[in-house]
């Protein structure tokens with residue numbers, strides 16, 4: 001009887017895929033601070049816009065993107081030839097969200113998962129979630145230490161003892177993000193995904209140093225507003241990684257760029 005019932009549901013199977021799972025640190029606090037303020041709510045919506053801008057790049061690779069609140073799962077079919085592009089695109093998402101004051105924590109792995117437009121599940125996703133929730137700790141995208149293919153990538157990756165994570169906050173990577181065309185084309189590009197170009201906190205052609213200063217300003221503002229010591233430690237980790245890369249007069253939390 002049970003087998004007959006299951007057979008009526010059709011069939012599904014796992015696929016080996018590159019999987020990224022991440023969420024936004026302090027999302028609950030941001031929701032509470034936003035309350036019903038329409039401007040703050042619009043800022044929260046920027047997370048969705050940033051993902052929409054990059055969704056096409058994943059779909060071209062047969063990828064899927066699923067999100068609920070601040071939880072995001074992105075996967076593409078496993079192909080060793082596209083791992084580098086996958087990591088670089090995720091790094092651009094990380095930088096773009098940081099420029100709007102959102103700092104993400106997550107993990108990347110390769111494993112079995114079922115992912116379509118309506119659902120996502122499987123042991124690969126469970127593994128990514130466990131890495132994000134138990135090991136990543138800080139606002140970073142961690143590479144699964146048990147997947148040699150991921151750990152063979154060197155750009156834009158940094159080591160942390162036995163762990164490795166994406167580190168896009170430096171000149172060599174940020175220079176690849178600069179929009180080379182007409183700024184008006186960039187604003188039109190953003191508008192097509194429901195964004196409001198006039199609200200951009202940065203210029204599409206800003207230098208890597210300007211990007212880092214913008215990110216540090218957001219981090220400093222967030223740190224000044226926090227009471228939770230556990231959350232502070234996580235953001236301080238990122239602040240202390242980025243700050244030495246920018247000339248500043250004061251390397252404390254109330255720093256001022258030169």
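The values are calculated or read from the model by the stated rules, or taken from the named source; none is laboratory data. Bear in mind the structure is a predicted one, so any value in this text is a computation, not a measurement. All Cβ positions, even for glycine, are placed from backbone atoms using ideal geometry, and neighbour counts span all protein chains on display.
In segment 170-187, is there at least one residue being within 30 Å of residue 38 (Cα to Cα), touching a helix residue (DSSP H, G or I) at 6+ places or on another chain (Cβ under 8 Å) and modelled with pLDDT of 95 or more?
No, the conditions are met nowhere in segment 170-187.
Count, please, the residues in segment 49-91 that happen to be surrounded by fewer than 14 Cβ atoms within 10 Å (Cβ to Cβ) and in a strand (DSSP E or B).
1
Take segment 156-172 and flag every residue that is assigned to a loop (DSSP other than H, G, I, E, B) and surrounded by 15 or more Cβ atoms within 10 Å (Cβ to Cβ).
156, 167, 168, 169, 170
Which condition number does residue 34 fail, the rest of (1) touching a residue at least 40 places away in the same chain (Cβ under 8 Å); (2) surrounded by 14 or more Cβ atoms within 10 Å (Cβ to Cβ) being met?
(1)
Which residues, taken from segment 16-31, are surrounded by 15 or more Cβ atoms within 10 Å (Cβ to Cβ) and either part of a helix (DSSP H, G or I) or out of contact with any helix residue (DSSP H, G or I) (no Cβ under 9 Å at 6 or more places or on another chain) (or both)?
Matches in segment 16-31: 27, 29, 30.
Right, residue 120: surrounded by 14 or more Cβ atoms within 10 Å (Cβ to Cβ) and at pLDDT 95 or above or not? Explain how you work it out, then say what you get.
Working: surrounded by 14 or more Cβ atoms within 10 Å (Cβ to Cβ): yes; at pLDDT 95 or above: yes.
Answer is yes for this residue.
For segment 107-114, state whether one or more residues are touching a residue at least 40 places away in the same chain (Cβ under 8 Å) and not in a strand (DSSP E or B). Explain how you work it out, then say what you get.
Residues of segment 107-114 touching a residue at least 40 places away in the same chain (Cβ under 8 Å): 107-114.
Of the ones still in play, those that are also not in a strand (DSSP E or B) are none.
Scanning segment 107-114 turns up no residue that is touching a residue at least 40 places away in the same chain (Cβ under 8 Å) and not in a strand (DSSP E or B).
Here are some residues: 209, 241. Which one is at pLDDT 75 or above, in a helix (DSSP H, G or I), over 18 Å from the mean Cα position of the chain (by Cα) and within 20 Å of residue 172 (Cβ to Cβ)?
Exactly one of 209, 241 is at pLDDT 75 or above, in a helix (DSSP H, G or I), over 18 Å from the mean Cα position of the chain (by Cα) and within 20 Å of residue 172 (Cβ to Cβ), namely 209.
Quickly run through segment 150-169 and pick out the residues that are touching a helix residue (DSSP H, G or I) at 6+ places or on another chain (Cβ under 9 Å) and at pLDDT below 90. Talk me through it step by step, then tell me what you get.
Taking segment 150-169 as the starting set, the residues that turn out to be touching a helix residue (DSSP H, G or I) at 6+ places or on another chain (Cβ under 9 Å) are 150, 152-153, 155-158, 163-169.
Passing the criteria: 152, 153, 155, 156.
On the basis of being closer than 24 Å to residue 83 by Cα, modelled with pLDDT of 90 or more and surrounded by 13 or more Cβ atoms within 10 Å (Cβ to Cβ), does residue 137 make the cut?
When the stated conditions are applied, residue 137 passes them.
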